[in-house]
Amino acid sequence: MGRESEKRGSLRLRAAGDNLGFALGACGKREGRERRGVLTLPHGRVETPAFIFCATRGAIKGVGVKDLRSLGVEIILGNTYHLMVRPGEEVVEQSGGLQKFTGWGGPMLTDSGGFQIFSLGFGSVTGEIKGQRHNKNSLIVKKDEEGVVFRSHLDGKRLGLTPERSIEIQRSLGSDIILVLDECTPYHVDKRYTELSMELSHRWALRSYEEFCRGESARESRGLCRQGLYGIVQGGVYEDLRLRSVDFVNGLPFFGYAVGGCLGGSREEMREVVDFSCEGLQEEKPRHLLGIGDIESIFHGVRCGIDTFDCVSPTRIGRHGWALVKGGERRLNMSNARFRDDQEVMSPWCDGECCRGGYSRAYIHHLLRVGESLGGILLTYHNIRFMTGLMEAIRKGIESGRLRDVEREWLEG
Ligand SMILES: [Zn+2]
């Protein structure tokens, strides 16, 4: 028996050391607090800084997993809310977890499910939920200390989400990185509301952590992979609240951190918030910035010490006919008549199927004009390659101490 448990013990230790970790590597002369790292996750490695692409309902629209890999994607995100509503986490679990269910097989992150529920609740832009984009009727039936009760956007069915339930669902989904449940505070609230909301989110984070610990040994006894739990820094735009929240998350043994909550109403405000949210976080743990994906903000976040970013924007705007490009224009509306007989490819540097395949701007313009879905798919490919190319360049820039040059190349062209 002694031998058996010894064996199990050593296996467990090896698994703990091997499949979940974060290591910071060497970098050149630093301009700020930028870092070059590697996230080791049960389903693979992620070089950081990295961009996490949103496979909201378990797919990046129009792009298969083989193509994602060839475009340089290392990690994708699934939304707990969407997956719990359809197909339901038990279906995903029976299929062997999200990685197997989707065929992706690589590193994944899931959110807590709170964001969709609360953003619907506050009647703001819900984006990915078709037909609900202008919904002004809150889906939230009740929110209290325990959690939130809401109606499914599909059939109105009453569903509940508590910190424990969110962790349980994410455990069934089986993603590599999971998030604590938080209340997403709307933008137009005062400091007192923000403070109360932050305190509630802290209590929920503690309950999430406790549920996570209970589930870890259950996962282990079933031979399932470990998961990394991220705590979330709250506190809205208020520096003193953010610092309190940083203290709080530093006090719990989370695997990593996410910077969340309201980041402000302008890019400038957001930068300040990210700056003072990151400053006090423990250096050796990975940090994720929730929902930010514009190029300038990525450079700023990287200099604050952010390791991963996610945003629906690159793939969403691709589907809607926009191409990300280097230089001052940032993005081009390919439906515009100026591309009608433009024989160039999107970007000569791009080695994605979109550009290497020789598809001209004129052809993509034509596809969009006649409503052929290939137009949006090619632009999705392009924007994915743009983002992975950008992150590769940022990583090289950090290694060589030439981040400023990289920024100039990508922002000024
Ligand atoms: Zn391209």
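The values are calculated or read from the model by the stated rules, or taken from the named source; none is laboratory data. If you're wondering where the values come from, they're calculated on a predicted model, not measured in any experiment. Ideal geometry is used to build each Cβ from the backbone, glycine not excepted, and the neighbour counts take in all protein chains shown. Heads up: the accessible areas ignore ligands, DNA and RNA and are worked out on the full protein's heavy atoms, side chains in. Shrake-Rupley method; radii C 1.70, N 1.55, O 1.52, S 1.80 Å.
Whenever you get a sec, compute what percent of the accessible area on segment 197-336 sits on carbon and sulfur atoms (1.4 Å probe).
Details: 2500 of 5030 Å².
Accessible surface attributable to carbon and sulfur in segment 197-336 totals 50 percent.
Val65: net charge of surrounding residues, Cβ under 15 Å, Lys/Arg +1, Asp/Glu -1, itself excluded? After counting each charged neighbour, the total is +2. A Gaussian network model of the chain, with springs between Cα atoms under 10 Å, assigns the largest mean-square fluctuation among Gly37, Gly88, Gly25 to Gly25. Quick query: amide H of Gly228 versus all other amide H atoms, modeled in the peptide plane; which residues come in under 5 Å with a sequence gap of 5 or more or a different chain? Amide H neighbours of Gly228: Ile177, Ile178. What residue among Asp144, Asp67, Asp275 shows peak mean-square fluctuation when the chain is described by a Gaussian network model with Cα springs under 10 Å? Checking each option, the largest mean-square fluctuation is seen for Asp144. Electrostatic bookkeeping for Thr80 treats Lys and Arg as +1 and Asp and Glu as -1; over the other residues with beta carbon under 9 Å from its beta carbon, the sum is -2.
Taking amide H as placed 1.01 Å from N in the peptide plane, Val233 has its amide H under 5 Å from the amide H of Ala258, Val259, Gly260, each at least 5 places away in sequence or on another chain.
Derived scalar couplings between HN and Hα for segment 178-185 equal 10, 10, 6, 6, 9, 8, 7, 6 Hz in order, rounded to whole Hz, by the Karplus curve 6.51 cos²θ - 1.76 cosθ + 1.60 (θ = phi - 60°), x for Gly and Pro.
Taking 1 over the mean of 1/r across every pair of different Cα atoms in segment 313-413, what Kirkwood radius in Å do you get?
Working: mean 1/r = 0.0727 Å⁻¹.
One over the average 1/r among Cα pairs gives 13.8 Å for segment 313-413.
Each residue of segment 82-91 was assigned a 3J(HN,Hα) from its phi angle through the Karplus curve 6.51 cos²θ - 1.76 cosθ + 1.60 (θ = phi - 60°); the sequence is 4, 6, 6, 6, 8, x, x, 4, 5, 5 Hz, with glycine and proline shown as x.
Taking Arg395, Arg35, Arg151 as the candidate residues, the one with maximal mean-square fluctuation in a Gaussian network model of the chain, Cα springs under 10 Å, is Arg151. Near Ser347, no amide H atom lies under 5 Å from its own; only residues 5 or more places off or on other chains count, and H is placed 1.01 Å from N. For segment 383-399, the Karplus equation 6.51 cos²θ - 1.76 cosθ + 1.60, evaluated at θ = phi - 60°, returns couplings of 5, 5, 5, 4, 5, 5, x, 4, 5, 4, 5, 4, 4, 5, x, 5, 4 Hz by residue, with Gly and Pro reported as x. Each principal axis of the Cα cloud of the chain was taken in turn, and the coordinate range along them, longest first, works out to 70, 51, 45 Å. The mean sequence distance of close C-alpha pairs (under 8 Å, at least 6 residues apart), as a share of the length of the chain, puts its relative contact order at 17 percent.
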